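Undergrad: Have a look at this one.
We did not get these values from a lab; they are worked out from the coordinates using the rules stated. Because the structure is predicted, anything quoted here is derived from the model rather than measured. With ideal geometry, Cβ positions are generated from the backbone for all residues, glycine too; neighbour counts draw on all protein chains shown.
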Amino acid sequence: MTKLAPHAKLKIGLPPGSVVYVGKKDNRPTRITLIDYDPQNVTEKTITTIEDCVAFKDRKSVTWINVDGLSDTDLIAKLDSLFGVHPLVLEDIVHTDQRPKMEDYGDYIYVVLKMLSCGAKPSEVVSEQLSLVIGSNYVLSFQEEAGDYFDNIRERIRKDKGRVRRMGADYLAHILLDTIIDNYFLVMENFEEDVTSVEDRLMTQKQIGVNEIHRLKRRLVVLRKQIAPVRELVGGLLRADSKLIHKATEVYFRDLYDHIISVMDTIESFRDIVSGLHDIYLTSINLKMNEIMKVLTMISTIFMPLTFIAGIYGMNFDHMPELRWEYGYAAILSIMLAIALLMLFYFKRKKWL
């Protein structure tokens, strides 16, 4: 049975639109940063009060407001209220167990998906929810924790007066999504190394437990759950026919769609490979069992005539000719040894050994 996310029980029975933070406990204060740019100028600042954002709301330049930390729901609610964000969207932003999706509200588009990255351990994948509110001249991004892999985008905005500075908020949303999906490829490469390691050890008959294969299957299920809906999300952005997605930007979103299709193809390939590993593991176990049974059967077969001979001479009859023979014991042992060797020779010739 699936467990509820942390603090999810707090939402039970509350009306739709109730703003309750559901996610990791984080005592660090919510941090808001702002980058405003056009082809000529770039302005960066840390927001201390929501009123600092008012001056950037209706500018012709593009404004990117990034929020790190979602536990301060009152602060986030004020920011969303300033930009006219629906309470249901605000509820989704602070609920960090959302399925990736996009919703078109006319004046803005809401997008939520998972940012994935490789953890400290080779098999560890770090997942963090990212919410984007895409307006005509602004992008609001909401992250669970401080720190991300968007620093290269910030550097491009600061130094490059090319495409990113000339195009609008929809292109900024595109490069944010593109960076996230590019990191999916890194996660899949890390997963591939893990799969290859298990496969190599399995093929070289090294000791491997079925738990390792099940661990791969569980990781793949989680990855597929987090990545598969992104294909529908990007497809929705292409089909939305929204005034917020300009014709010049559509080609970039189509390229983004190709990337996520490639990631999904990789996931499906890994699913087949991991299923194949499980089948190979079971087959190898059966082969080992068959080898063991074959050896035991041959041992039993060899000892059957020996046991028969020993049983005959173990009977307590008084009149058995060989019992009084001086060399009877040695002769019987020699016959038993000869029978065993002849049977081994026969098994070897039949290639049963």
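Undergrad: Sorted by average packing, counted as other Cβ atoms within 10 angstrom per residue and highest first, what order do 54-62, 75-83, 285-293 take?
TA: 75-83, 54-62, 285-293
Undergrad: Using a 10 angstrom cutoff on alpha carbons, build the Gaussian network for the chain and name the most mobile of Pro87, Pro29, Pro305.
TA: Pro305
Undergrad: How charged is the neighbourhood of Phe56? Take every other residue with its Cβ under 14 Å from the Cβ of Phe56, and add Lys/Arg as +1 and Asp/Glu as -1.
TA: Spelling it out: positives minus negatives among the neighbours equals -2.
Undergrad: Based on the mean of other beta carbon atoms within 10 Å per residue, what is the order of 125-137, 165-177, most packed first? Before the final figure, lay out the partial values.
TA: Working: 125-137: 19.6, 165-177: 21.3.
Result, highest mean Cβ count within 10 Å first: 165-177, 125-137.
Undergrad: Roughly how many whole Å is it from the C-alpha centroid of the stretch 172-224 to that of the stretch 117-157?
TA: 21 Å
Undergrad: What is the fewest-to-most order of Phe142, Phe303, Phe150 by other Cβ atoms lying within 10 Å of their Cβ?
TA: Details: Phe142 26, Phe303 14, Phe150 19.
With the sparsest Cβ surroundings first, the list reads Phe303, Phe150, Phe142.
Undergrad: Given the -39500 (n - 2.57) contribution per DSSP H run of 4+ residues, what per-residue ellipticity at 222 nm results for the chain, rounded to the nearest 500 deg cm²/dmol?
TA: -18500 deg cm²/dmol
Undergrad: Taking the Cβ of Arg156 as the center, what net charge do the other residues with Cβ under 13 Å away carry, scoring Lys and Arg +1 and Asp and Glu -1?
TA: In short, +3.
Undergrad: In addition: With a sphere of radius 13 Å drawn around the Cβ of Ile261, what net charge do the other residues whose Cβ falls strictly inside it have (Lys, Arg +1; Asp, Glu -1)?
TA: Result for the neighbourhood of Ile261: -3.
Undergrad: Return the subset of Lys217/Lys294; Lys121/Lys247; Lys121/Lys161; Lys101/Lys247 for which the Cα-Cα distance in this structure is over 31 Å, preserving the input order.
TA: Lys217/Lys294; Lys121/Lys247; Lys121/Lys161
Undergrad: Let me ask something additional. Fewest Cβ neighbours within 10 Å first, please rank Lys114, Lys24 accordingly.
TA: Ascending number of Cβ neighbours within 10 Å: Lys24, Lys114.
Undergrad: Right, another one. Please determine, in degrees from 0 to 90 and to the nearest 10, the orientation of helix 328-349 with respect to the longest principal axis defined by the Cα atoms of the chain, where the helix direction is its Cα long axis.
TA: 40 degrees
Undergrad: Pairs of Cα atoms under 8 Å, at least six residues apart: use those to get the relative contact order of the stretch 107-150, whole percent.
TA: Details: 66 pairs, mean separation 15.3, N = 44.
Computed over the stretch 107-150, the figure is 35 percent.
Undergrad: Something else now. Normalised by the residues of the chain, what does the relative contact order come to in percent, with Cα pairs under 8 Å and at least six apart?
TA: Contact order relative to length: 13 percent.
Undergrad: Using the per-residue mean of other Cβ atoms lying within 10 Å as a proxy for protection, in what order, highest first, do the peptides 31-40, 242-251 fall?
TA: 31-40, 242-251
Undergrad: Using DSSP, restrict attention to beta bridges with both residues in the chain and report what percent are antiparallel, rounded to the nearest 5.
TA: 80 percent
Undergrad: With mean projected area of the Cα convex hull in nm² as the read-out, I listed (i) 29.7; (ii) 26.6; (iii) 18.8; which label goes with the value calculated from this structure?
TA: (i)
Undergrad: Give me Ile227, Ile261 ranked fewest to most by other Cβ atoms within 10 Å of their Cβ, as a rough exposure proxy.
TA: Working: Ile227 22, Ile261 13.
Fewest-to-most Cβ neighbours within 10 Å comes out as Ile261, Ile227.
Undergrad: Something else: When the chain is treated as a GNM, springs tying every alpha-carbon pair under 10 Å, which of Ile267, Ile213, Ile312 comes out with the largest mean-square fluctuation?
TA: Result: Ile312 has the largest fluctuation of those listed.
Undergrad: Can you tell me the 0 to 90 degree angle between the C-alpha axis of helix 169-203 and the longest principal axis of the chain, rounded to 10?
TA: 10 degrees
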